[in-house]
Amino acid sequence: MSADGQLTVGLAQVDSALGDLDRNLARHREWVARAVAAGVKLLVFPELSLTGYFLRDLVVDSAIKLDGPAMKDLLSLSGDLDVVLGAVIEEPDHRYFNASLYLSRGELVHVHRKVYLPTYGMFDEQRYLASGDRFRSFKTSYGRAGMLVCEDIWHLSSAYILSLEGVDMIICPSASPGRGLSTDERLGTAESYNLVCRTYAQFLTTFFLYCNRVGYEDGANFWGGSMAIAPNGDIIAQEEDADEALVLATLDLGDVRRERLANPLLRDERVELTINELRRAWHERTRKPF
Amino acid sequence: MSAPASLSEPVFPPLAINPELVRKILVRFIQNEVQKVGFERGVLGLSGGVDSSLVATLASEALGPTNVLAVIMPYKSSDLKSRSDALQVVQQLGINHLEVEITPQIDAYFERFPDADQRRRGNKMARERMTILYDQSSVFRALVIGTSNKTELLLGYGTIYGDMASAINPVGDLYKTQVWQLADAVGVPTAIVQKAPSADLWAGQSDETELGFAYRMVDQFLYYLVDRRYSKEELSRLGFEPAFIDDIIRRVRDNQYKRRLPVIAKLSSRTVDQEFRYPRDWGH
């Protein structure tokens, strides 16, 4: 962050080789170097950037351990800038998670284990992966941040919980396959994500960084469309195309305060009412079928 | 039945596409799926019909014309117009081509089985063409690019291990009516887009006559049945005849085997394609 509160973020909209960690790690190094040269202070890679997405049984072969030797390589990426990347992590109890790692100055700052694992349509994550059990924010050099991985953002409560922790930015690494043909210039998936991400930014008055990958896996196309969104819902920067790209955006971190003064939605949020009503709804739902 | 009005009638709105977006996705698909497995080239069977002409056009853009080999494989009863249409596409794109007439080997085989009906002969021809494509793919160091569209795949209107065989298929998720739109937009000659679709086993053959319905109608039906998961009652309320509904649903079901690997008798605890589940793009 510069003295005037500006933060240059980079969204590494990249392709990954499916199950080839060495090649992907080398590619991470290249993109980190590009980002550093461009003055980026926070670089976000897509979901499972270290492994590729439709892994199936490759989940086991592609996993790393947080206390294992691969972590040294990953941590070394974050010497000159903060890095968010995606990996499969294997826990000591041999559960495998789809995780996003926030790295800074050679340290692991935070791990988010994807909570909502899509297992429908073309997705089969729960067959191979365990689901995370929490949404927690964490402190960075650039304010409080929270991470949600792809499908996590399709559940309103995830972003809402992070917002109540007072996050300045939500970071969403994604591996969203494009689908939904119409006469529109974008696929249906792209339209939906734009709507969801902008809505979260504006409703929760927070920066929203969405980094989606590109490339193809078994015929599925990843549509890119990575974007940085301001707390008023405006898109600051976006790569609409499905090419590999380093999307650069300068965030004026003071925008969060200004937006919350203009639209004190967070101040006015009735958290206790929400909790009580949720408790009541849950109580009733578990006692009588809908 | 009227002639297929591939361009003259308005498109059923849910099946209308943005051709530019689809073209981009499919060109990149061909580039990506060919190049990442270490190839630079593609080979395809070019019949002179709209599906293979479209795939040739997309492959030419994706890989460069010199990296595409179109193989034209007529039988003696094939319509001469098909060959000239195929050659027009070759010339327009500047891609490589090879003509291999399949008459000698087909006739040699059926001399022993003179009573074979059209279906057997058609399937044999489709498989003969497949073996030629795979042989040429080895010479040309190329992947075989498929041309079966979604309508054909769902209806099973194709020959298993014949025209349905390929390494990658860019058009398998496009209905015939969408193939027409895209083909027209990417510059496939209008005469090819507008001509009556035909498997071309003999001159004058028509897919739509053989199937018993128009692609336009069955595409609408398949859209509601497959993409939108309409129930039989809902399909009936849309105005489709009960006999037609039952016929198409049965066709889709009866041809499921063509869309899958052969059934493997399960014995071990880790069987190929059951518990042994790896992506096709493993390592790429």
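We did not get these values from a lab; they are worked out from the coordinates using the rules stated. Quick caveat, the model's predicted, so the values are computed rather than measured. So basically every Cβ, Gly included, is an ideal-geometry build from the backbone, and we count neighbours across all protein chains shown.
Using alpha carbon centroids, what distance separates segment A:161-210 and segment B:191-253, in Å?
Result: 38 Å between the Cα centres.
Nearest 5 is fine: what % of DSSP beta bridges in the protein assembly as shown come out antiparallel, could you say? Don't jump to the answer; show the numbers that get you there.
Working: 37 of 67 bridges.
Bridges in the protein assembly as shown are about 55 percent antiparallel.
Which of the helices in chain B meet the span-like rule: DSSP H, Cα axial reach of 27 Å or more, Kyte-Doolittle mean at least 1.6?
Values: long enough: B:118-139 (32 Å, -1.35).
Membrane-span-like by this rule: not one helix.
Note down the magnitude of the dipole of segment B:13-259 about its Cα centre, charges +1 on Lys and Arg C-beta and -1 on Asp and Glu C-beta and zero elsewhere, to the nearest 20 debye. Write down the numbers at each step before the final one.
Values: 29 positive and 31 negative charges, 102 e Å.
In debye, rounded to 20, segment B:13-259 gives about 480.
Can you tell me how segment A:237-277 classifies by the Cα gyration tensor, rounded, prolate or oblate, using a/c under 1.5 as the rounded cut? Present the calculation step by step, with values, prior to reporting the outcome.
Values: a/c = 4.89, a/b = 2.00, b/c = 2.44.
It is oblate, given that a/c is not under 1.5 and a/b is not larger than b/c.
Taking H placed 1.01 Å from N in the peptide plane, check which residues at least 5 places from B:Arg41 or on another chain put their amide H under 5 Å from its amide H.
Sorted by chain and number, the residues that satisfy this are B:Leu143.
Springs between alpha-carbon atoms under 10 Å, Gaussian network over chain A: tell me which of A:Ala99, A:Ala220, A:Ala35 tops the mean-square fluctuations.
Looking only at A:Ala99, A:Ala220, A:Ala35, the biggest GNM fluctuation is shown by A:Ala220.
Given a Förster distance of 51 angstrom, what is the FRET efficiency for A:Glu277 paired with B:Gln194, based on the Cβ-Cβ distance and rounded to 0.05? The partial results should precede the final answer.
On the way: r = 61 Å, r/R0 = 1.20.
After rounding, the FRET efficiency stands at 0.25.
Report relative contact order for segment A:156-290 in percent, whole number only (criteria: Cα-Cα under 8 Å, sequence separation at least 6).
Working: 197 pairs, mean separation 25.4, N = 135.
Taking the mean separation of contacting Cα pairs over the length of segment A:156-290, I get 19 percent.
Go through B:Ile168, B:Gly204, B:Leu44 and say which Cα lies farthest out towards the positive end of the charge dipole of chain B; charges sit on Cβ, +1 for Lys and Arg, -1 for Asp and Glu.
Positive-end residue among those listed: B:Ile168.
With θ set to phi - 60° and the Karplus curve 6.51 cos²θ - 1.76 cosθ + 1.60, what are the ³J(HN,Hα) couplings of segment A:67-81 in order, to the nearest whole Hz, using x for Gly and Pro?
So the Karplus estimates, Gly and Pro as x, are 9, x, x, 5, 4, 4, 4, 5, 4, 5, 5, 9, x, 10, 7 Hz.
For chain A, what is the relative contact order in percent, using Cα pairs closer than 8 Å and at least 6 residues apart in sequence?
On the way: 630 pairs, mean separation 51.6, N = 290.
Relative contact order for chain A comes out at 18 percent.
For segment B:47-72 and segment A:8-54, what is the centre-to-centre distance using only Cα atoms, to the nearest Å?
Cα centroid to Cα centroid, the span is 34 Å.
Subtract the Cα-Cα distance of B:Ser269 and B:Glu210 from 0.36 nm times their separation in residues, and report this length gain in nm to one decimal.
Numbers: separation 59, 0.36 × 59 = 21.24 nm, distance 4.48 nm.
Extra length from B:Ser269 to B:Glu210 when fully extended: 16.8 nm.
Give the long-range amide H neighbours of B:Ile72: residues separated by 5 or more places, or on another chain, with amide H under 5 Å away, using H modelled in the peptide plane at 1.01 Å from N.
The list, which skips near neighbours in sequence, is B:Leu46, B:Leu98, B:Glu99, B:Val100.
Mind listing the phi-derived Karplus ³J(HN,Hα) values for segment B:227-235, rounded to whole Hz, using 6.51, -1.76 and 1.60 with θ = phi - 60°, and x for any glycine or proline?
3J(HN,Hα) across segment B:227-235, in whole Hz: 6, 9, 6, 5, 7, 4, 4, 5, 5.
Quick check: pseudo-label points 7 Å beyond the Cα along Cα→Cβ at B:Tyr134 and A:Arg34, how many nm apart are they?
Distance between the two pseudo-spin positions: 4.0 nm.
Which lysines does B:Lys81 reach when only Cα atoms under 25 Å apart count, and residues fewer than 8 places away in its own chain are ignored?
Straight-distance partners of B:Lys81: B:Lys124, B:Lys176, B:Lys195.
Convert each backbone phi in segment B:268-284 into a coupling constant with the Karplus relation 6.51 cos²θ - 1.76 cosθ + 1.60 (shift: θ = phi - 60°), then list the ³J(HN,Hα) values in order as whole Hz, x for Gly and Pro.
Karplus-based 3J(HN,Hα) across segment B:268-284 equals 8, 8, 9, 9, 3, 6, 9, 8, 8, 10, 10, x, 4, 8, 3, x, 10 Hz.
Under a 10 Å cutoff between Cα atoms, tell me which one of A:Thr199, A:Thr189, A:Thr274 has the largest fluctuation in the Gaussian network model of chain A.
Most flexible of the set in this elastic network: A:Thr274.
With a cut-off of 8 Å between alpha carbons and a minimum separation of six or more residues, what is the relative contact order of chain B in percent?
Details: 394 pairs, mean separation 62.7, N = 284.
The value is 22 percent.
Taking only DSSP H segments of four or more residues, each worth -39500 (n - 2.57), what value at 222 nm results for the protein assembly as shown once the sum is divided by all its residues, to the nearest 500 deg cm²/dmol?
On the way: 21 runs with 216 residues, N = 574.
Value at 222 nm, helices only: -11000 deg cm²/dmol.
Among A:154-162, B:145-153, B:109-117, B:211-219, how do they line up by average Cβ neighbours within 10 Å per residue, starting with the highest? Please list the in-between numbers first.
Values: A:154-162: 17.6, B:145-153: 24.6, B:109-117: 9.8, B:211-219: 19.1.
Final packing ranking: B:145-153, B:211-219, A:154-162, B:109-117.
Anything in chain A that counts as a DSSP H helix reaching 20 Å or more along its axis (C-alpha) with Kyte-Doolittle mean of at least 0.0? List them, would you?
A:188-204
Taking the Cα centre of segment A:6-287 as the origin and placing charges on Cβ (Lys, Arg +1; Asp, Glu -1), which of A:Ser131, A:Trp154, A:Val256 is farthest toward the positive end of the dipole?
Looking along the dipole axis, the top candidate is A:Val256.
Taking amide hydrogens as modeled 1.01 Å from N in the peptide plane, which residues meet the under 5 Å criterion relative to A:Asn221, leaving out close sequence neighbours?
Those lying under 5 Å, H to H, from A:Asn221 are A:Gly178.
Where a ≥ b ≥ c are the square roots of the eigenvalues of the C-alpha gyration tensor, would you call segment A:6-287 rounded, which needs a/c under 1.5, or, failing that, prolate if a/b is larger than b/c, or oblate? Spell out each step's value before the answer.
Working: a/c = 1.34, a/b = 1.18, b/c = 1.13.
It comes out rounded by the Cα gyration axes.
Rounded, prolate or oblate, given the Cα gyration tensor of segment B:13-259, with a/c below 1.5 counting as rounded? Numbers along the way, then the final one.
Values: a/c = 1.74, a/b = 1.20, b/c = 1.45.
Oblate shape, in that a/c is at least 1.5 and b/c is the bigger or equal ratio.
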